[in-house]
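The values are calculated or read from the model by the stated rules, or taken from the named source; none is laboratory data. Predicted, not measured: the structure shown is a model, and the values here were computed from it. All Cβ positions, glycine included, derive from the backbone under ideal geometry; neighbour counts span all protein chains shown. All accessible areas refer to the heavy atoms of the entire protein, side chains included, with ligands and DNA or RNA removed. Shrake-Rupley method; radii C 1.70, N 1.55, O 1.52, S 1.80 Å.
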Amino acid sequence: MAANENVLIMDHVSYKYSPGTAYEVTALDDVSLTIKEGEFIGIIGHTGSGKSTLVQHLNGLMKATEGHVYFNGQDIYDKDYNMKNLRTQVGMVFQYPEHQLFETTVFEDVKFGPKNQGLSEEDQIKRAYEALELVKLPEEFFLASPFELSGGQKRRAAIAGVIAMKPSVLILDEPTAGLDPKGRDDVLSLISEMHEKRGDTVILVSHSMEDVANYVDRIIVMDTGKPVYDGTPSQVFANYKELEQMGLAAPAVTYVMNDLKDAGLDVATTATTVFEARDEILRMLNK
Amino acid sequence: MLRDITIGQYYPADSVLHSLDPRVKLFATLVFIITLFGANNIFLFAFVLVTLIGIIKLSHVPFSFMVRGLRAIVVLLVIAGLFNMFLTPGRELVRFGFLKITDVGLKNAVLMTSRMVLLIIGTSVMTLTTTPNQLTDGLEKSFGFLKKVGVSVHEIALMMSIALRFIPILVEETDKIMKAQMARGADFESGNIFQKAKNMVPLLVPLFVSAFRRANDLSYAMEARCYNGGEGRTKMRPLKYSSLDQRAYICIFTYIILFYAVKFVM
C-alpha cells in the first residue's frame, strides 16, 4: 500500500442514541473525516463530545444511523462485509483494561485475540510473546493473574491483547485515564515508540491537550458531536481562546508564548512542546 | 441492543401518574392484576382493556416504550399460546396429524396471551412512571405492618432499590465489556448452545469482578455516611397523601365496584 493512502473514511456519519424517545441524544452530527495510513492522530474533546462514539464507528462496534464508513475503500456496512476481520484490522483498546481482562494468566489473555483470528497454537504463543515484549511488560508478570497487576501494568496487558492481532490501525480510548503522571508518560511514550517501530496508523482519544500535544501529528477537536478543528497541533492551538470556551485548554506553553508575544517580544506562538518553545525563545534572544 | 431492556426503567415525564403517591400506584396495579385475571368474558376484558388504554394515555409515556418490554417474552408467549391451543381438550375445529385445535383451546390461547401482554404492559406503566426510590419507599410503607411479625421490611426494600438502581449500570457495563471483547474478535452470537455458553466466559468474568467491586465500594460509601439500618431513620421526603391521591383512590374503588357489578349482572 502506498503511503498516505486513505485507510478510513467517514462520510456524513450521524449517530443518535435511543431515537424517537425522551432519551434521544445526538452523539455524532454529520461527521466527515479521512484518516491516512501511518498518521498519528489525537482526538480531543470533553466528556460527552462524541469522541468515543466516533472511534467506535471506525471498527463497526457502533452502526451509524446515517452515513457510511469505508475501510481500505470498502463500505463496512455492505451486507457481506467481514466485520470480524475489520475488528482485527482496526484494533481498539478501551478505556478500562478491567473490561477485557478475564483469563487466568496475562499470557492466556493476550492470546485471546489471535485465538479468535483462528491462528495455530504456535502462532498464538508467538504473537502473545511479541506483543508483551512490545508493551514492555516485565516477564515475571506473564504468568500472573491479570487481576493482580497494577493500573499501569493492566493497561499494558490490555494494549498487548489488542496489538497481538497485528492491526493496521490502532485506536486507544483514553489510555491514560486513572494513571498517575509517571504511568501516563510511560504509556504515552510506549504508544509513540510502537508507532515509530511499526509504522501503523494510531488514533489516540483523550480529553487532555497536554497528553497528545507532545506526540501526535494531527489533532481533531470534537465538540457536541462535530469535529470543530482538524489540523497540526500548532494550527489547532492557535485557537486556544475558542478551545477554552469548549472547556478544553491548550498546552501551557501555548499560553506562555502568547503572553510573551503580548508583552512585545518577537516570538512565534506555534510551539506546542516545551522543547519547541525553548528553541523559539533562544532564537529570539540570539537575534 | 442492551438498551432495549426496560425492566424497572423509569421514563421521566410530567403527568398525573408521575405525581401520584407510589402507594396508590401499587394498590392500583394490584387491583388491575386481580381484575385482569377475574375478567372471564369479553365485556369484562374490554372494560379492563379500555381502562388500561386510558391510563396509558394519562401517563404521557410513548406507547412504543411499553411494548419494548414485551420483546423479551415473545418466545414465552408463543410457546404458552401454542400449548394452550393444541393441548386443551374440547370440540375439535381443525386437525393437523395428531395435533388438533379445539374451541376451548383457541379461546384459552387467545385469553392467556392477551392476559400476559396486558399484565406486562400494566405493570410496566407503574415502573415507568415511578422512580425506583419512590417504588421502594412505597413498598416499605405499604408492607410496614409485617415488621411486627419479624420481617425486616426496611432491609428488603433497600436491597430491592439497590438492585433496581444497579440494573442500568450493569447493563451499560455489559455493553462496554461486550464491545471490548468483540474488538478482540469475540463472537457472542454464533455456535450451538454449549459454544455460546463457553463464549460468555470473557463477558461474565469481567462483569462479576466489576459487580463485586462496585458492591464493595457501595458498602464502604454507606458505612462512611454512618448507615446502620432502618432503625430511627427519617426521610427527607416522607410519603404524604395529597388530594390528588384521594381522588385516585376514589377512581380505583369506583373501578372495582363497576367491574364486579358488571361481573355479577352478566
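If you go through the stretch A:21-44 and keep only what is of a type in the set (A, V, I, L, M), part of a strand (DSSP E or B) and open to solvent by 20 Å² or more (accessible area, probe 1.4 Å), you end up with just A:VAL25.
Of the residues A:LYS154, A:LYS182, the single one that is basic (Lys, Arg) and modelled with pLDDT of 90 or more is A:LYS154.
Test B:ILE73 against the criterion of being more than 14 Å from every other protein chain (Cβ to nearest Cβ) and touching a Phe, Trp or Tyr at 6+ places or on another chain (Cβ under 7 Å), and give yes or no. In short, no. Figure legend. Inter-residue proximity from the stretch A:117-133: first residues closer than 17 Å to B:GLN181 by Cα, second residues of a type in the set (Val, Ile, Thr), beta-carbon distance below 8 Å, spacing 6+ or different chains. Indicated pairs: A:GLN117/A:THR88; A:ALA128/A:VAL110. The residues on offer are A:LYS197, A:LYS226, and the sole one that is under 27 Å from A:TYR17 (Cβ atoms) and of a type in the set (Lys, Arg) is A:LYS226. With respect to the stated conditions, A:ASN59 is within 14 Å of chain B (Cβ to nearest Cβ) and in contact (Cβ under 8 Å) with a residue 60 or more places away in the chain.
Considering the stretch B:218-242, and only residues there that are among the hydrophobic types (A, V, I, L, M, F, W, C) and part of a loop (DSSP other than H, G, I, E, B), the residue that is most open to solvent (accessible area, probe 1.4 Å) turns out to be B:MET236. Any residue at all in the stretch A:35-52 that is closer than 30 Å to A:MET209 by Cβ and within 11 Å of another protein chain (Cβ to nearest Cβ)? Within the stretch A:35-52, one or more residues are closer than 30 Å to A:MET209 by Cβ and within 11 Å of another protein chain (Cβ to nearest Cβ). Residues that are surrounded by fewer than 22 Cβ atoms within 10 Å (Cβ to Cβ), within 14 Å of chain B (Cβ to nearest Cβ), assigned to a helix (DSSP H, G or I) and not hydrophobic (A, V, I, L, M, F, W, C) occur in the stretch A:133-151; there is at least one.
Picking from residues in the stretch B:138-169 that are without any contact (Cβ under 8 Å) to a residue 24 or more places away in the chain and closer than 16 Å to B:PHE212 by Cα, the one that is most open to solvent (accessible area, probe 1.4 Å) is B:MET159. Residues that are open to solvent by 20 Å² or more (accessible area, probe 1.4 Å) and more than 11 Å from chain B (Cβ to nearest Cβ) within the stretch A:83-107 comprise A:THR105, A:PHE107, listed in sequence order. Of the residues making up the stretch A:236-247, those that are without any contact (Cβ under 8 Å) to a residue 24 or more places away in the chain, assigned to a helix (DSSP H, G or I) and of a type outside the set (Asp, Glu) are A:VAL236, A:TYR240, A:LYS241, A:GLN245. Restrict the check to the stretch B:80-102 and report whether at least one residue is β-branched (Val, Ile, Thr), open to solvent by 20 Å² or more (accessible area, probe 1.4 Å), farther than 30 Å from B:GLU231 by Cβ and at pLDDT 85 or above. No, the stretch B:80-102 has no match at all.
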